[in-house]
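Take a look at the structure set out below.
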Amino acid sequence: MNQMNLNQQVLALLEKCIHINHLRQLQSLLVSLGHSQTNFYAFKLLRFCALKLSDLAYARSIFDHLKSPNIFLYTAMITACAAFQPNSHSAFALYCHMVRRGHPKPNEFIYPHVLKSSYGSKLVHAQILKSGFFQYPVVETALVDAYAKCGSDIGIARGMFDEMSERNVVSWTAMISGYTRLGDIRNALSLFEEMPDRDVPSWNAIIAGCTQNGFFSEAISLFNRMVLLWDEEHNRYIRPNQVTAVCALSACGHTGMLQLGKWIHGYVYRNSLAPNSFVSNALVDMYGKCGSLHKARQVFDETSKKSRTSWNSMINCYALHGQSNNAISVFEEMMQCSSNVTPDEVTFIGLLNACTHGGLVEKGRFYFKLMTRDYKIEPQITHYGCLIDILVRAGRFQEALEVVKGMEIEPDEVVWGSLLNGCKIYGHTDLAELAVKKLIEIDPNNGSYGIMLANLYGELGKWDEVHKLREMLKEQNAQKTPGCSWIEVDNQVYQFHCVDKSHSRTEEIYKILELLASSYEAVR
C-alpha cells in the first residue's frame, strides 16, 4: 500500500470511529504497518481522541509513547490539556518539558496555547522575547490576554496593548474583557469606543461585561446600538447572536424591561437563534423576573430538551413571586422526568426560597435535609440564609439560632439580616441588637446599619447610646445606601436614586409630584 492510499484509508477509518475501541483498532493497524512512531498519524489519532472522543487520558497515552514528537504534536497536546484542565499545571508542565529537552523548538503557534493555561505568563514572556517571536500579532495578543486575565497584571497588559505593532479586533477584545473581569467598566467602555472595527464577539464582550457587573442600562443601550449598526465594509447589519441575546435578556430581567425583552424574544425566533437551551433559559429567567409568569411557563413548556438549568429557572421564577406550590410542583415534575435530571445547589435555593415566601417551615426543613442527606450537597451561605429566614418568619428563633451556631461557615449579612427582620416582626429587641451589631462588624461603613441600631436604642429608651452612636456615625462619615428604582419609557431605562436631581427633566418631575401630593391631600 503506497503512502497516499494509507493516508486516505486512515482518514476514512477515523471518520467512522465513534468509540475508543474503534480508535484502538486503528492504532493497532498502524503499529502492525510499522507506523506507530509516525508523527502524522499520531497527530491525527491524538486530535481525534481529544476533540471527538473527549478522552484526554488516552490522548496523553498516545503522546507519551512517542519517542520524538514534533512541534505540532506538542501544540495539540498542550491545547488539549489547557482545554480539559484549565486550572491545572499540566499544559505549562508539558511546555516546560519540551523546553528542557531542547527539541522541538517552540514556534509562534504554540505560545498562545501555553499562555491559555494561566501559569508562568512572565516566564513564557521572557522565553518569547529570547526566541524572537514577540513581534508576531498572534503572540502579542495571547500575552495581552494572559496578563489581562490576572487582575494584578492589568497594567502590564495595557502597556503591552498600547505598544503592540499591529492591533486587531481580537487584541482589542482581549483588553476589554480584561477590564470587565476586574469590574472596571469605565475603562472597558472607553476602550470599546476607541475600537476602529468591531465584530460580534467584541460587542458580546462589552455587553456581557456590563451585565455581569450590574451596569444593566449600559448593556441595554449597547444592545440597541448593535441592532441598528450598519457594517459599511460588508454592506450588512451586524447581527446579534445567541450570546448577545442571553446577555441582553439578563439585563432586561434585572431592570424589568418587559417590552424590550419581548422584542428580543421575537428577534430570536425571526433570526433562527432558537431553539437553544441557553436562550430558552434566559427567556424564562427574563419573563420570570419581569413578573410575566405565564410567558415564562410557556417558553419552559416549549423547550424540548430541558436541562437542569431549565428546571432551576422555572422553579426560581415561581419562588421569586411567592408561588410556592407551583415551584414545588415543578420540582416534583423534574424528579419524575425521563431524562434523569438531578437537582443541584441552585435547585434547593429555589425550593427553600419558595418555602420562605409560603411559610412552609416543615417543607423547608425537609428540603434542607434532602439536599444534605440524600444528594450530599454541602450547604452554602445562601442555603443557611433561606432556612434561617423560614424559621424566624415563623417565630422559631431558638431553632434559627441553633442553625447559626451549627454553621460550618461564617454567617454573613444575609443571615444576620434575616434574623433582624424576624426580630422586628416579633419584637425581640435583645436579639435584634445582637444582629445589628454583627452587621456593623461585617460592614462598618454602611450607615444603614448604624441608623437601625440607633433607632433600636431609641425604642428601648437608651438615649445615651443613641447620642453616642449618632456622634460615631458623623465622625466616620458613614453613608446610607440610597434607594434606587428604574422605569422603562419608550424602550429606554431611566434610573433614579433617592433625592436624585440629576435627570434633565427633574423640575418637571417634581412639579408633577407636588401636583399629585396636593390632589391626594384634597381628596383626604
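The values are calculated or read from the model by the stated rules, or taken from the named source; none is laboratory data. Just so it is clear, the structure is predicted and the values come from calculations on it, not from any experiment. Cβ placement follows ideal geometry from the backbone for every residue including glycine, while neighbour counts extend to all protein chains displayed. Ligands, DNA and RNA are excluded from the accessible area calculation, which covers all protein heavy atoms including side chains. Shrake-Rupley method; radii C 1.70, N 1.55, O 1.52, S 1.80 Å.
Do we find that S36 is at pLDDT below 90 and either in contact with a Phe, Trp or Tyr (Cβ under 9 Å, 6 or more places away or on another chain) or closer than 19 Å to A157 by Cβ (or both) in this structure? Answer is no for this residue.
Each row is one residue, and each column tells you yes or no for (1) open to solvent by less than 40 Å² (accessible area, probe 1.4 Å); (2) modelled with pLDDT of 70 or more.
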| residue | (1), (2) |
| --- | --- |
| N421 | no, yes |
| T429 | no, yes |
| A432 | yes, yes |
| A435 | yes, yes |
| V489 | no, no |
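Condition check for L351 on (1) of a type outside the set (G, A, S); (2) surrounded by fewer than 21 Cβ atoms within 10 Å (Cβ to Cβ); (3) in contact with a Pro (Cβ under 9 Å, 6 or more places away or on another chain): one failure, at (2). Total residues in segment 271-284 satisfying the condition of being closer than 13 Å to L249 by Cα and either open to solvent by 50 Å² or more (accessible area, probe 1.4 Å) or in a loop (DSSP other than H, G, I, E, B) (or both): the figure is 1.
Only a single item in (1) modelled with pLDDT of 85 or more; (2) farther than 22 Å from R167 by Cα is not met by V114, and it is number (2). Filter segment 121-159 for residues that are out of contact with any Leu (no Cβ under 8 Å at 6 or more places or on another chain) and of a type in the set (V, I, T); which is nearest to V99 (Cα to Cα)? Only one residue fits best here, namely V139.
For R373, are the conditions met, namely being in contact (Cβ under 8 Å) with a residue 12 or more places away in the chain and over 30 Å from G253 (Cα atoms)?
no
Regarding S448, is this residue of a type outside the set (A, V, I, L, M, F, W, C), without any contact (Cβ under 8 Å) to a residue 40 or more places away in the chain, touching a Cys at 6+ places or on another chain (Cβ under 9 Å) and assigned to a helix (DSSP H, G or I)? No. Answer yes or no as to whether Q259 is assigned to a helix (DSSP H, G or I) and either charged (D, E, K, R) or without any contact (Cβ under 8 Å) to a residue 24 or more places away in the chain (or both). Answer is no for this residue. When R186 is tested against the conditions (1) modelled with pLDDT under 90; (2) in a helix (DSSP H, G or I), the lone failure is (1). Note on segment 210-255: among residues that are closer than 15 Å to V200 by Cβ and of a type in the set (S, T, Y), the one that is modelled with the highest pLDDT is T244. Somewhere in segment 503-512, is a residue at pLDDT 75 or above, of a type in the set (K, R) and closer than 30 Å to C386 by Cβ? No, segment 503-512 contains no residue that is at pLDDT 75 or above, of a type in the set (K, R) and closer than 30 Å to C386 by Cβ. For segment 318-338, the set of residues classified as closer than 15 Å to Y367 by Cβ and free of Cβ contacts under 8 Å to residues at least 12 places away in the same chain consists of S329, E332, M335, listed by residue number.
Considering segment 364-393, and only residues there that are open to solvent by 50 Å² or more (accessible area, probe 1.4 Å) and in contact with a Ser or Thr (Cβ under 8 Å, 6 or more places away or on another chain), the residue that is modelled with the lowest pLDDT turns out to be R393. For segment 27-44, a residue qualifies if it is part of a helix (DSSP H, G or I), open to solvent by 10 Å² or more (accessible area, probe 1.4 Å) and in contact with a helix residue (DSSP H, G or I) (Cβ under 7 Å, 6 or more places away or on another chain), and the qualifying residues are Q27, N39, F43, K44. Scanning segment 63-114 for residues that are of a type in the set (A, V, I, L, M), open to solvent by less than 30 Å² (accessible area, probe 1.4 Å), in a helix (DSSP H, G or I) and out of contact with any Ser or Thr (no Cβ under 8 Å at 6 or more places or on another chain) yields I71, L73, A76, M77, A80, L94, M98, V114. Which condition breaks for M160 when tested against (1) over 27 Å from the mean Cα position of the chain (by Cα); (2) in contact (Cβ under 8 Å) with a residue 40 or more places away in the chain? For M160, the exception is condition (2). Is segment 407-415 home to any residue that is under 29 Å from the mean Cα position of the chain (by Cα), assigned to a helix (DSSP H, G or I), under 14 Å from N353 (Cα atoms) and without any contact (Cβ under 8 Å) to a residue 40 or more places away in the chain? The answer is yes; a qualifying residue exists. Of the residues in segment 443-465, at least one is at pLDDT 75 or above, under 33 Å from the mean Cα position of the chain (by Cα) and within 20 Å of I381 (Cα to Cα).
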